[in-house]
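Data first, discussion second: the structure below is written as structure tokens.
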There are 2 protein chains.
Amino acid sequence: MAAPEGLFALEGRPTAQLIADQLREQIVQGVFRPGEQINESVLASQLSTSRGPVREALQRLCQEGILVSRRNRGVFVLELAMEDIREIYAVRVAVESTAADALLDAGQEQVKDTSQALKAIISDMAKQVAVSDWKAIARLDMQFHTSFVAGAGNTRLIRIYKTLAAESRMCILNLAVAYPRIDVLVQEHQNLLDLLEAGHREELHKAITRHMESAVEDLTGTTEEGSP
Amino acid sequence: MAAPEGLFALEGRPTAQLIADQLREQIVQGVFRPGEQINESVLASQLSTSRGPVREALQRLCQEGILVSRRNRGVFVLELAMEDIREIYAVRVAVESTAADALLDAGQEQVKDTSQALKAIISDMAKQVAVSDWKAIARLDMQFHTSFVAGAGNTRLIRIYKTLAAESRMCILNLAVAYPRIDVLVQEHQNLLDLLEAGHREELHKAITRHMESAVEDLTGTTEEGSP
DNA sequence: GAACTGTAGATTGTCAACAATACCCTATAT
DNA sequence: ATATAGGGTATTGTTGACAATCTACAGTTC
């Protein structure tokens, strides 16, 4: 029952994983809005598959935290409150700081590889800023930080950060005005990269913390506490 | 939408979550050894249920990382290498340090509540050390650190740490001689508690780092490198 | 004897049907 | 009019059967 549709083939990799990845991407891109219900059956028919794999994928996303499941009611896209934003960014500081340490301890070679990847992302980001493509900017923003963490090579750190990145994109997408300080966005990331290459550990830590704190301010400042 | 304060969750996710919790507990207690395969069918019949819920539980544990799934082959208990130990404890340092900061920032009230819980755990730990009940010691060790993190109130941090605690227990259980420095075990945890109560942020960070580093030394020192 | 191929067994992956449950809407009584 | 009880409906939760796939073993050939 291969889908004649445009979505990729099974390709010997776990099906549920593929579905989960597609779903996650659609969620962080806003195809599904916060609070919206996701129906197993309709999703299964859309993907030309059965409810089994779809169910597994949904459960996976529930455990990641970007979906919430209510018993016998269904799964819904996570609704983010201000407290969630603070939590997410607090954990991001922890993860990225740890990644920074691990990266600097790993040696110049690894730093070099990582900074090359980061430089390319910053370059792309500058282009998208020029044309104000918000979705692309959000994607590249997360791609920068994900690559940064990935550079440390700690698989558990990477796994943790994957969820945080998804949640962050949901924050940015759903909480109205995403980047009020777009003029300094590229500059801030360039600063992080410079500090990494220079090996200034303490300064890098401080920069990461500031970067996240200002993000929290931007996000919480543009949002009224939405408690239903 | 105020939640009724009196009654707790009436089993929000009964079956799969229940099975997963049971499985995880058995895994960290060594009922299933590392590398051992877990059969869906036999587990289902043992639990008097179908393969569906069992499969969901297994997938959940796969995503947590204490099981690994090989396509069309089955799920196996995670085999920990020395690199894994270093990873786990590096992330634990990050999480606990962040929890410590959040706890100290949250105010004296929250610190008080947490330290009371920790004190009780240390007390129990001392008793179990006296009778050399290793499994109970390992459980209380993790309970201490889990309660510490839980005290910070960051749900994402707590969720992350749950997996780390399980993996740590697997390390301790599976890597032969668990606690070579049992005489200072209680003392070390008491030290962490004292620093928390005193509010010595920097000292607490250093103590957490030392605590984890010596744990890594103990674990990797008693293990022969089993890398293919 | 070694290497290759084909078959057998077992286990996971997938599917469609059945059952259980929570919510919504209506009817009824106070 | 409000509150309450009852049935209807939609959705998830569960089940057993079927299909796909991988490993291992045996048989055959050079």
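The values are calculated or read from the model by the stated rules, or taken from the named source; none is laboratory data. In this text, all values refer to a predicted model and were calculated from it rather than measured experimentally. Virtual Cβ from ideal backbone geometry, glycine too; neighbours counted across all protein chains shown. Please note that ligands, DNA and RNA were not included when accessible areas were found on the heavy atoms of the full protein model with its side chains. Shrake-Rupley method; radii C 1.70, N 1.55, O 1.52, S 1.80 Å.
What are the residues whose amide H is under 5 Å from the amide H of A:E79, where those residues sit 5 or more places off or on another chain and H is modelled from the backbone?
Answer set, sorted by chain and number: A:G35.
Just how large is the dipole of the range A:47-190 about the Cα centre, in debye to the nearest 20, putting +1 at every Lys and Arg Cβ and -1 at every Asp and Glu Cβ?
720 debye
Can you tell me, using C-alpha contacts under 8 Å and at least 6 residues apart, the relative contact order of chain B as a whole percent?
Across chain B, relative contact order equals 24 percent.
How do B:L219, B:L80 rank by accessible surface area computed with a 1.4 Å probe, from largest to smallest?
From most exposed to least exposed: B:L80, B:L219.
I'd like the carbon and sulfur percentage of the solvent accessible area for the protein assembly as shown, probe radius 1.4 Å, heavy atoms only, ligands and nucleic acids excluded.
Exposed carbon and sulfur together represent 52 percent of the surface.
For B:S50 and A:R51, what is the calculated FRET efficiency with R₀ set at 22 Å and r taken between the beta-carbons, to the nearest 0.05?
0.90
Over all distinct alpha-carbon pairs, what is the Kirkwood Rh of the protein assembly as shown in angstrom?
It works out to 23.7 Å.
Let me check the size of the range B:15-77 from its C-alpha atoms; what are the radius of gyration and Dmax in Å?
Considering the range B:15-77 through its Cα atoms, Rg and Dmax are 10.4, 27 Å.
Can you give the average number of partner chain beta-carbon atoms within 10 Å of each beta-carbon in peptide A:44-54, as a whole number?
0
Considering only protein heavy atoms, what per residue accessible area in square angstrom results for the range A:107-153 with a 1.4 angstrom probe?
Counting only protein heavy atoms, the per-residue value for the range A:107-153 is 48 Å².
Subtracting the Cα-Cα distance from 0.36 nm times the residue separation, let me have the gained length for A:K206 to A:E109 in nm, one decimal.
Here the segment from A:K206 to A:E109 would lengthen by 32.6 nm.
To the nearest 20 debye, what is the magnitude of the charge dipole of the protein assembly as shown about its Cα centre, counting +1 on the Cβ of each Lys and Arg and -1 on the Cβ of each Asp and Glu?
So the magnitude is around 1560 debye.
Which FRET efficiency, nearest 0.05, do A:K119 and A:E188 yield, Cβ-Cβ r, R0 25 Å?
After rounding, the FRET efficiency stands at 0.95.
Have a look at B:V68, B:I121, B:A44 and report the one farthest towards the positive end of the charge dipole of the range B:1-149, computed about the Cα centre with Cβ charges (Lys/Arg +1, Asp/Glu -1).
Going by the charge dipole, the pick is B:A44.
What 222 nm value per residue comes from the helices of chain A, counting each DSSP H run with n ≥ 4 as -39,500 (n - 2.57) and dividing by all residues, nearest 500 deg cm²/dmol?
That comes out to -24000 deg cm²/dmol.
Could you name the lysines whose alpha carbon sits less than 27 Å from that of A:K119, not counting residues in the same chain fewer than 8 places away?
A:K127, A:K135, A:K162, A:K206
First measure r as the distance between the Cβ atoms of A:R33 and B:A130, then evaluate 1/(1 + (r/R0)^6) with R0 = 35 Å and state the FRET efficiency to the nearest 0.05.
With R0 = 35 Å, the Cβ-Cβ based efficiency is 0.05.
Once you order the gyration tensor axes a ≥ b ≥ c over the Cα atoms, which shape class does chain B get: rounded for a/c under 1.5, otherwise prolate or oblate by comparing a/b with b/c?
Note, shape of chain B comes out oblate.
What's the local net charge at B:A102, with K and R +1, D and E -1, over the other residues with C-beta under 10 Å away?
-2
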